[in-house]
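Scroll down for the structure; my scribbles are underneath it.
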6 protein chains.
Amino acid sequence: MTGIIVTDIARADQSTIDALAVHGVATVHEAMGRIGLVGPTVHPIQNGARVAGSAVTVLCWPGDNLMIHAAVEQCQAGDILVVASNSPSLDGSFGELFATALKYRGVRGIVTTAGVRDVVDLRAMDFPAWASAQNAQGTVKATAGSVNVPIVVGGAVIRPGDIVVADDDGVVCVPRADAETTLLASEARVAKEAGARAAYQNGDLSLDRNDLRGLLADLGIRYVTQGEWADGDR
Amino acid sequence: MTGIIVTDIARADQSTIDALAVHGVATVHEAMGRIGLVGPTVHPIQNGARVAGSAVTVLCWPGDNLMIHAAVEQCQAGDILVVASNSPSLDGSFGELFATALKYRGVRGIVTTAGVRDVVDLRAMDFPAWASAQNAQGTVKATAGSVNVPIVVGGAVIRPGDIVVADDDGVVCVPRADAETTLLASEARVAKEAGARAAYQNGDLSLDRNDLRGLLADLGIRYVTQGEWADGDR
Amino acid sequence: MTGIIVTDIARADQSTIDALAVHGVATVHEAMGRIGLVGPTVHPIQNGARVAGSAVTVLCWPGDNLMIHAAVEQCQAGDILVVASNSPSLDGSFGELFATALKYRGVRGIVTTAGVRDVVDLRAMDFPAWASAQNAQGTVKATAGSVNVPIVVGGAVIRPGDIVVADDDGVVCVPRADAETTLLASEARVAKEAGARAAYQNGDLSLDRNDLRGLLADLGIRYVTQGEWADGDR
Amino acid sequence: MTGIIVTDIARADQSTIDALAVHGVATVHEAMGRIGLVGPTVHPIQNGARVAGSAVTVLCWPGDNLMIHAAVEQCQAGDILVVASNSPSLDGSFGELFATALKYRGVRGIVTTAGVRDVVDLRAMDFPAWASAQNAQGTVKATAGSVNVPIVVGGAVIRPGDIVVADDDGVVCVPRADAETTLLASEARVAKEAGARAAYQNGDLSLDRNDLRGLLADLGIRYVTQGEWADGDR
Amino acid sequence: MTGIIVTDIARADQSTIDALAVHGVATVHEAMGRIGLVGPTVHPIQNGARVAGSAVTVLCWPGDNLMIHAAVEQCQAGDILVVASNSPSLDGSFGELFATALKYRGVRGIVTTAGVRDVVDLRAMDFPAWASAQNAQGTVKATAGSVNVPIVVGGAVIRPGDIVVADDDGVVCVPRADAETTLLASEARVAKEAGARAAYQNGDLSLDRNDLRGLLADLGIRYVTQGEWADGDR
Amino acid sequence: MTGIIVTDIARADQSTIDALAVHGVATVHEAMGRIGLVGPTVHPIQNGARVAGSAVTVLCWPGDNLMIHAAVEQCQAGDILVVASNSPSLDGSFGELFATALKYRGVRGIVTTAGVRDVVDLRAMDFPAWASAQNAQGTVKATAGSVNVPIVVGGAVIRPGDIVVADDDGVVCVPRADAETTLLASEARVAKEAGARAAYQNGDLSLDRNDLRGLLADLGIRYVTQGEWADGDR
């Protein structure tokens, strides 16, 4: 495995990042065309946190957190640390001491395919985490890895400097070059959804609002009564 | 896959449904003879909710929520929407806009073998959800399915109009025809458990209360001291 | 399966047990040399509980909780009930009535490879549980098992009288004979971590504090700029 | 759990069953409209077997095979034994002695959500099995269940007397009442596929044969060269 | 984690070990009283192998096979190498070169909670493997572990010198002290099963042979016709 | 999701690809520095196949194989079709008719994160498949996706034109630009392993051959006898 630490990654405009955080994961994912999700194996360790930041990426060996130590130095205010291991591992390679060091630097949270520990402390510190497990399992510092190289995190590729948005719905990655267009598309979607919300609060049906009745008919879907559906048990 | 929307399903008496909700999933499941459970893959997305309602069932294609749009129109006050896909999928096919439309109609919650998203909003709206995942993954509206046909949800078959009870212990389905007898059996069980609870609060042992000492002996179980159990390490 | 109930297990000194509880799972696990963990399949059912106690162990048949009934009588103040089944099962073999009986006896919590139910009540009673599932599934009382024999719980062997520590990071087992030395090692670790925490709060880097820069170099890890890393997309 | 053994189930015409076996699982599933599959958790224990038969269904308690003993008596030539447990279990509740008894009666195979054992013998006897695991774990005979009641097997409901078809692609259930129409639809599909196969062997494209180019265009899918797709790394 | 290599483990009598191999996993597991199984996560990588041997145990760090290198030297003819990692890992820490070295020493196979690779070669060499995965993932040689200490392998504890039996039904561990009694019990079971087999080949029913009809009645199980079971759809 | 079909992907030199196939997955993965693996969720559907080819990549919607139809036209002799869906799905989106069309074009196999069906036919045709499941579940042709864009396949990113090597140990991806250097490194590794193999066949130990005894000592690992290890049960 290549051992590389890239020191000068480019980041997106902070105000764009902060604006993406407001919209949350589901909206940003839709705005991108329904791509970019990490998927539900990496889940929130707390309820109600919503953050966005620039990815500082880490590729570790399973059972080893040496490269997280190296990555802390590469982090700055507004970043999110994103950790993957080169084969699956649920070990608790991240805990409260790392969170303390990252908080000092203004880092906004951690996303990891491995586990986290000191969960009570992370919640008390208000340092949000998305991980595959809560797991006390300790790790060693023995094997090479990389910092700020592209990594696979669940179903997504995350490159250093990409924008990571995370909340209770999961984690989404916005490629750095797409930050502005994704923000615009998110805002458009929010506006559209506001109209839909108001309509549904008044009892409108999405079948009508989205003109879906014709599609149902085209697909051959029939409306029947219980009685008409003689063969009712299937 | 048959495309059918059944429009006039029969429902159980609402007062029976409401009384079942009070007893909760574990009691109702026991009262039915330990059957009817969906099982732990479909878990509560919030803590402390307990609801019961008439099932409006939806069978979707994976990655597609067209039929949920069609199902909203079939829902009325006191219902619970129950969604399955015809092959496994964790996509977030249900979110806050659907919940808004369903709240208007008096629907009490959602049970789905897929994922839900906008989890923060669902909790804030007090619209409870039981799902296989919190997952922002969006879906399309392209493929036929059915509304109000029997569906397999985890280990249970749920028919339209069956009573679904859901709380932190999971989800149970009471066939509509069994609603009254299950309520009576639930009440009997609650009464019996009240006696057991009082006894245990006083230090009684279930071994004695349930006459289990004879069974232990019949099964050949021996009481030994650590010393007597020479071979103590196995 | 042998049917044995061992009645007079030895326990560790209660003050040692209580002191271990203060340190929590991650610290105790590290103090033992990174062993003894049950692992993340057995997870906390509540947030924020932290307990330690002497293990009273139960080996059940899947779908059967007869031996938990037998185990209650063997419990005393300061114990934790630890349950495994001889093949995997997620059934809800433990609930509020058992918790009531155990609270009377001063038991501090339950750790089980199976499921628990009546979760709302367990939380309200402040009786903490670590389990593989929240699951209403009921069980029978029909098949022999054992109480106070060594059992496999996730990745750990737990013997009767061992100290079990449990919190939001999972569950760890301290062999009874190692209680004192583990407590001393935990205290040493806590002291060491206090120093590290203070340093990190001041912006020190673990790379420096742990002298890791030399190791990175020995492993051939190079610091490069984005520009230098021509082949930057891998 | 209800304890019922239904003794006189109706079965489909044997020649129809045998004709369905020839077509195999994928074809029959398609012919039914893409429903009825058990799904890949229940997989073949051998390679190359393909059978169909009338389902004799068994609902067992986990870790218990009492009801399989009761079910043997209900089996006749041309049947397939189908076993589920009322909560998930991988125990090896079926092995060579059961297969011996069933072979005597002309039973064609076993489908089970639990495990099977004596796998070497089952293969040598040419008694095919579809199961969730190869697992030596033994079971008891202690708890009630039912024979010939509808059961949930993976994603399918199987009723006694339904036709079960099983091969290397999995297991599909054809409701008894649909046997004839499914056979006709299977034959039509086989004929249609023969034409497609011949065309593809000659180099025809399914894009053309199925008139899919228009659909691709309608969905907005564009053909581009590597050069045109400037942003080629996403 | 303790770093220990125990050099002079005691082994059972080889003729007893060889006799156990003949009986296979299911029989030996039953003869022990239905305990000792590793469980189906560790599965055979080939079909039809059946071996028994003395366990040389290895505890590795995840992603690291250093201790397997150390273990080879401790192996002798008739042994089986048994490997676990102190947190879950599917990496391919064992392959053809290790098998070559072990074959030279007369070792009979490998059982590992991790993965194996060079699977084609292992099959060609007739060196049987039971593992959690076929996985090319390479490992490092960097972190301490132990050889010939007790380890947890699936649901079983395996101590150095215990007898491991493995075939297509899985892996079972016989404690060294129980080798003789387990062999006798296995032989008794084989004799008993021969009688049962002959009876079933003649059409006898296990219901009668095991006197189970009374138990069915005691459990309240009723024989009904389809017609009598009015409520036939549940 | 972007809908793009890239029509003119660059491929590596065919003789290099063929030479990589000879070395197999484990060797190529090691030669690359232990990266590039898909991982064990995508496993071989047959035994003993070993192929390499240029990746033609497909990104499908779950439950939909429209884009595989589009991809066939982009395939040429020496290619391997590589399929992922944008959220997890085990549906059988690939079967014998696709294999027939691909064989005509000289395609060497299929790698898919979804399922395959017609498994008996695929084996008979000698068209090798690596998939997440054998599953008859049919799919629709309704939703847009892409052909020849980078996709995430298990833990690996595969770009169109990358070299995919697959055998019984799994699937590895060699970036096109690294084909030559990886081949050279593979050849070097094979040569080195030949020496090791010969040594091990003569009884040499890898501890000596790799100079690992010093490392064991540095890590504090001690050789002890059973007797010296008083506390022998841990």
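Annotation for the stretch C:177-234: GluC sites (Glu not before Pro) lying in DSSP loop with at most 15 further Cβ atoms inside 10 Å of their Cβ are C:Glu228. Under the convention of a label 7 Å out along Cα→Cβ, give the distances in nm from C:Arg209 to the same position in every other copy, shortest first. Ordered by increasing distance: 4.4, 5.2, 5.2, 6.6, 6.9 nm.
Would you mind counting up the charge near F:Val120? Only other residues with Cβ under 13 Å from its Cβ, with Lys and Arg at +1 and Asp and Glu at -1.
Result for the local shell: -4.
Shown for the protein assembly as shown is the translational diffusion coefficient from the Stokes-Einstein equation, using the Kirkwood radius over Cα pairs, a temperature of 20 °C and a viscosity of 1.002 mPa s: 66 µm²/s. Overall, chain C carries a charge dipole of about 280 debye about its Cα centre when +1 sits on the Cβ of Lys and Arg and -1 on the Cβ of Asp and Glu, all other atoms neutral. Derived scalar couplings between HN and Hα for the stretch E:110-120 equal 10, 10, 9, 6, 8, x, 10, 9, 6, 4, 4 Hz in order, rounded to whole Hz, by the Karplus curve 6.51 cos²θ - 1.76 cosθ + 1.60 (θ = phi - 60°), x for Gly and Pro. Under 5 Å from the amide H of D:Arg11 lies no amide H of any residue 5 or more positions distant or on a separate chain, with H modelled from the backbone and absent for Pro and chain starts. The separation of the stretch F:36-90 from the stretch E:132-162, counted between C-alpha centres, amounts to 33 Å. Closest approach of a chain D Cβ to the axis relating D and E (residue, whole Å): D:Asn47, 5. Close amide H pairs (under 5 Å, H built 1.01 Å from N) link A:Gly63 with A:Asp91, residues at least 5 positions away or on another chain. Does anyone have the angle between helix F:179-201 and the longest principal axis of chain F? Alpha-carbon axes, 0 to 90°, nearest 10? Compared with the principal axis, the helix lies near 40 degrees.
Cα-based Rg of the stretch C:188-230 per 2.2 N^0.38 Å, rounded to two decimals?
On the way: Rg = 14.8 Å, N = 43, 2.2 N^0.38 = 9.2 Å.
Normalised Cα radius of gyration, the stretch C:188-230: 1.61.
With respect to chain D, whose longest principal axis is taken over its alpha-carbon atoms, helix D:14-31 is tilted by about 40°. Antiparallel beta bridges, as assigned by DSSP with both residues in chain A, represent about 50 percent of the total such bridges. Counting Cβ atoms of other protein chains within 10 Å of each Cβ in A:60-68 and taking the mean gives 6. Let me know the shape class of the stretch C:1-135, please: from the alpha-carbon gyration tensor, a ≥ b ≥ c as square roots of the eigenvalues, rounded when a/c is under 1.5, otherwise prolate if a/b is greater than b/c, or oblate. Since a/c stays below 1.5, the shape of the stretch C:1-135 is classed as rounded. Between C:Ala196, C:Ala136, C:Ala19, the Gaussian network model of chain C with springs among Cα atoms under 10 angstrom shows the greatest mean-square fluctuation at C:Ala196.
For A:Ala185, neighbours were defined as the other residues whose beta-carbon sits under 11 Å from its Cβ, and their charges (Lys and Arg +1, Asp and Glu -1) total -2.
Checking the a/c ratio against 1.5 first, then a/b against b/c, what shape does the Cα gyration tensor give for the stretch C:69-143? Oblate.
Hey, what number do you get for chain C at 222 nm if only DSSP H runs of n ≥ 4 count, each worth -39500 (n - 2.57), divided across all residues, to the nearest 500?
Values: 7 runs with 74 residues, N = 234.
Mean residue ellipticity, 222 nm, calculated: -9500 deg cm²/dmol.
Neighbours of A:Val83 by Cβ distance under 13 Å: Lys/Arg scored +1, Asp/Glu scored -1, total -3.
Treat every Asp and Glu Cβ in the stretch B:1-123 as -1 and every Lys and Arg Cβ as +1, leave all other atoms uncharged, and give the resulting dipole magnitude about the Cα centre to the nearest 20 debye.
On the way: 8 positive and 11 negative charges, 48 e Å.
Magnitude of the dipole: close to 240 debye.
Between the listed residues F:Val83, F:Ala196, F:Ile163, the Cα displaced farthest toward the positive end of the dipole of chain F, a dipole computed from Cβ unit charges relative to the Cα centre, is found at F:Val83. Straight-line reach from D:Lys192: taking Cα to Cα under 26 Å and skipping same-chain neighbours fewer than 8 places apart, the lysines in range are F:Lys103, F:Lys141. Within 10 Å of the Cβ of each residue in B:88-94, the mean number of Cβ atoms contributed by other protein chains is 6. Note on A:Ser206, A:Ser54: ascending count of other Cβ atoms within 10 Å places them as A:Ser206, A:Ser54, the fewest first. Sorted shortest first, the distances from the C:Glu228 label point to those of the same residue in the other copies are 4.1, 4.7, 7.4, 7.4, 8.6 nm; each point sits 7 Å from Cα along Cα-to-Cβ. With its label point put 7 Å out from Cα toward Cβ, D:Thr7 sits 4.7, 4.8, 7.3, 7.3, 8.7 nm from the same residue's point in the other copies, in order from shortest.
Relative contact order of chain A: 28 percent, from C-alpha pairs under 8 Å at least 6 residues apart in sequence. Build a GNM of chain A with springs between Cα atoms under 10 Å apart, and of A:Leu90, A:Leu102, A:Leu216 the one that fluctuates most is A:Leu216.
Backbone phi angles across the stretch A:130-144, fed through the Karplus curve with coefficients 6.51, -1.76 and 1.60 (θ = phi - 60°), yield HN-Hα couplings of 10, 8, 8, 6, 8, 7, 5, 3, x, 10, 9, 10, 9, 10, 5 Hz in residue order; Gly and Pro are listed as x.
Derived scalar couplings between HN and Hα for the stretch F:93-109 equal 7, 9, x, 5, 5, 4, 4, 4, 5, 6, 4, 4, 8, x, 6, 9, x Hz in order, rounded to whole Hz, by the Karplus curve 6.51 cos²θ - 1.76 cosθ + 1.60 (θ = phi - 60°), x for Gly and Pro.
For chain D, compute Rh as the Kirkwood radius over C-alpha pairs and then the Stokes-Einstein diffusion coefficient at 20 °C and 1.002 mPa s; write the answer in µm²/s, rounded to an integer. Could you put the intermediate results ahead of the total?
Working: Rh = 19.3 Å.
Using the Kirkwood radius from Cα pairs, D works out to 111 µm²/s.
For F:Val171, the residues whose modelled amide H falls within less than 5 Å of its own, excluding neighbours fewer than 5 places apart on the same chain, are F:Val38, F:Gly39.
Read the figures in this text as sums done on the coordinates, not as results from a lab. From a predicted model like this one, the values you see are computed outputs, not experimental measurements. Heads up, the Cβs are rebuilt from the backbone with ideal geometry, glycines too, and the neighbour counts pull from every protein chain shown.
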